[in-house]
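Beneath this line is the structure, given in structure tokens, with notes to follow.
The values are calculated or read from the model by the stated rules, or taken from the named source; none is laboratory data. Bear in mind the structure is a predicted one, so any value in this text is a computation, not a measurement. Positions of Cβ are generated from backbone atoms using ideal geometry, with glycine treated the same way; all protein chains shown enter the neighbour counts.
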Amino acid sequence: MSIKSFREALNEGMRDAMLEDPSVILLGEDIAGGLGAAGQQDAWGGVLGATHGLMTEFGRDRVFDTPISESAFIGAAAGAAATGLRPVAQLMFVDFFGVCGDQIINQMAKFRYMFGGKATTPVVVRTLYGAGTGAASQHSQCLYPIFTHIPGLKVVIPSSPYEAKGLMLQAIRDDDPVIFFEHKAMFNDKGEVPDEPYVIPFGQARTVREGRDVTIVAIGRMVGFASKAADALAQAGIECTIIDPRTTSPLDEKAILASVEQTGRLVVVDEASPRCGMAADISSIVAEYAFSALKAPIKRVMPPHSPVPFAPNLEQAYIPSVADIEIAVQAVMRKH
Amino acid sequence: MHIDREQLLEAYRQMRTIREFEERLHKEFTTGQIPGFVHLYAGEETSAVAVCQQLNNEDHIASTHRGHGHCIAKGCDVMGMMKEIYGRAEGLCAGKGGSMHIADLDKGMLGANGIVGGGGPLACGAALSSKVRGTDGVAVAFFGDGAFNQGTILESMNFASVNQLPVLFVLEDNGYAESTASAWSMGGHDPVARAAGFGIKGKKVDGHDYFAVYRAAKEAVDAMRSGLGPRFIAIEFTRYYGHFEGDATTYRPPGEVRDERTYLDALKFFRARVTGGEMLTVVELDAIDDEVKTLIDAAVDEAKAAEIPNIDQLTTDVYANYSL
């Protein structure tokens, strides 16, 4: 066990998978960097450096840069997965799904069902998401609700370096298409990460902390925000349970419902746009199956229904804050 | 170029099977017993058959909306296909795919595709897989003149070129993308030049001539197996039916299909060529016609009588595993 960054944890997860299985390949724009250029090779290791060093270790045959052609290489990853490889393709920013959505939504997601169960498509699409880096409207969206909506896809959103490594190895070993979300503002986050390989099963939420008063379900980067809010609320005598679903498909509904049965109050914190988002989905599940346990109306903490703005003050106002979470928890505590 | 007797007999059997399969579906569709949509391949048989004759089970193809011919030529079971089109439990895809999604991965058939141009990247992936796994497998992307204007196909051509992947891009130009003429929609009007723009060698061939398609396909696949990278063939012919069954085809000039069938039919040409050249006899070919007719009759009868999927299959096979 040692302290590692989110970036290092992702790298270790992919490296472990490549060491254990020669059918694992990595492809994407600049995932090594410098292909065909006269200067340094392995220059980038992906736009935020998560795959740095892997081309040097495993060679260009297993780690290769692609042209900026998301339809071609994401689709090629799907085709390669259906014919014997375990490709990990990087869709640099999830916003770019707009140019290759067909290959994800209509092709890889549906092979198994359309082909009567005879196809296996073990592909991982890694992708960067989230606001907070001044990347503005076309490089900052969350979009995981869109993929969660699609039967046939699994959707993974790690909230810490520990989750990042264990979920990555599971994603690559998994026999279904997985969309793996990496928050770009978390790459330097540090945490305890075992040196040896380990997996975190999909569909098993993590209870980050337990408290009697309120259940907070938070996703991705919002788990850290919720933890800070819970620390502050504990000072005021309000004890929160925090549930990190870790995967939105499959979603651990049982863990969420069981917690709400105990606390009777729910706050959902989601960085994705509010309409048809995970907060709406989780709220509806709780309203449908645990209504009688609720002591107060459900509160959702979400950004406004707007694109992600550029100006730093606007962007900060857009992102759900620790203070927003505290206010929401206090609001549900006032209802009896 | 040498094509032996057995290959010729097999080519004829497959082309006749495709023709009979499609002509029969054209009739059966009017009975209302076939759900959804079918897009018929009659008139384009040379492409699927002459190209797939260059392939083996290690090789993969990605197909189109108009995929029945590709399936038959790649070795998919005709009975299973017919049952699939009728939405039966014993269909090739358990009744969950239908005409637009027939696939058989054991045969290297990566699926018909409901998305125009959807198969190009998949064929690149299959070729990439062969390369990484060290097999000498090649992949074929069949696509129509409509898909030739899709980004997926153009991106795939570039992707295959820069990675020198053994992908054969087969443009099946049947004159119409749905109802829009390829003579209008293909900028530049020169598909071989378009492929050359990606550094991919290509050839245009007359799709009414099985032998011309066979020669072009063989040269292309031989080159790919020698490690020379992707290749391109543009095949020109016409489809005998509409974009889908039920299409009134009023966009086509009167008599177009009748004239094609009379003067340019690929199966007629084939018969004249092989019997005139004394390679095969009329008796042999007629016998194949009879056998194929019997096969398709049986396929339709069996499909109509077959069980529909059990309702509990609605939610199976969404995932390989979904542990909760």
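Scanning the range A:50-63 turns up one or more residues that are more than 7 Å from chain B (Cβ to nearest Cβ), among the aromatic types (Phe, Trp, Tyr) and surrounded by fewer than 24 Cβ atoms within 10 Å (Cβ to Cβ). Scoring B:Val140 on the criteria (1) within 15 Å of the chain's Cα centre (by Cα); (2) outside any helix (DSSP H, G or I); (3) more than 9 Å from every other protein chain (Cβ to nearest Cβ); (4) over 23 Å from B:Ala220 (Cβ atoms) leaves a single failure, condition (4).
For the range A:253-306, what are the residues that are in a loop (DSSP other than H, G, I, E, B) and surrounded by 18 or more Cβ atoms within 10 Å (Cβ to Cβ)? Of everything in the range A:253-306, those that are in a loop (DSSP other than H, G, I, E, B) and surrounded by 18 or more Cβ atoms within 10 Å (Cβ to Cβ) turn out to be A:Gly264, A:Arg265, A:Asp270, A:Glu271, A:Ala272, A:Ser273, A:Gly277, A:Ala290, A:Leu294, A:Ile298, A:Met302, A:Pro303. Reported count of residues in the range B:183-239, each being under 17 Å from the mean Cα position of the chain (by Cα) and of a type in the set (Ser, Thr, Tyr), is 3.
Here A:Ser71 does not fit the description of being surrounded by fewer than 19 Cβ atoms within 10 Å (Cβ to Cβ), touching a residue at least 24 places away in the same chain (Cβ under 8 Å) and either in the same structural domain as A:Ser140 (by TED's automatic domain parsing) or under 20 Å from A:Lys154 (Cβ atoms) (or both). Of the numbered criteria (1) more than 8 Å from every other protein chain (Cβ to nearest Cβ); (2) surrounded by fewer than 24 Cβ atoms within 10 Å (Cβ to Cβ); (3) closer than 29 Å to A:Ala81 by Cβ; (4) modelled with pLDDT of 95 or more, the one B:Asn174 fails is (3).
Candidates in the range A:22-41 are the residues that are within 26 Å of A:Val193 (Cα to Cα) and within 12 Å of another protein chain (Cβ to nearest Cβ); of these, the one that is surrounded by the most Cβ atoms within 10 Å (Cβ to Cβ) is A:Leu26. Checking the structure you have, find out if any residue of the range A:9-20 is over 30 Å from B:Ala103 (Cα atoms), among the charged types (D, E, K, R) and not in a helix (DSSP H, G or I). Scanning the range A:9-20, I find no residue that is over 30 Å from B:Ala103 (Cα atoms), among the charged types (D, E, K, R) and not in a helix (DSSP H, G or I), so the answer is no. The set of residues from the range A:104-126 being of a type in the set (Ser, Thr, Tyr) and either closer than 16 Å to B:Met100 by Cβ or at pLDDT below 95 (or both) comprises just one member, A:Tyr113. For the range A:148-172, the set of residues classified as out of contact with any Ser or Thr (no Cβ under 7 Å at 6 or more places or on another chain), within 11 Å of another protein chain (Cβ to nearest Cβ) and more than 16 Å from A:Asp244 (Cβ to Cβ) consists of A:Ile150, A:Pro151, A:Gly152, listed by residue number. When B:Ser156, B:Ser99 are screened for being at the interface with chain A (Cβ under 8 Å from one of its Cβ atoms), crowded, with 24+ Cβ neighbours inside 10 Å and of a type in the set (Ser, Thr, Tyr), only B:Ser156 passes. Check whether at least one residue in the range B:69-81 is in a helix (DSSP H, G or I), more than 10 Å from chain A (Cβ to nearest Cβ) and in contact with a Lys or Arg (Cβ under 7 Å, 6 or more places away or on another chain), and report yes or no. The answer is no, given that none of the residues of the range B:69-81 is in a helix (DSSP H, G or I), more than 10 Å from chain A (Cβ to nearest Cβ) and in contact with a Lys or Arg (Cβ under 7 Å, 6 or more places away or on another chain). Every condition in (1) within 21 Å of A:Ile104 (Cα to Cα); (2) among the polar types (S, T, N, Q); (3) over 15 Å from the mean Cα position of the chain (by Cα); (4) buried (at least 23 other Cβ atoms within 10 Å of the Cβ) is met by B:Asn113 except one, and the failing one is (3).
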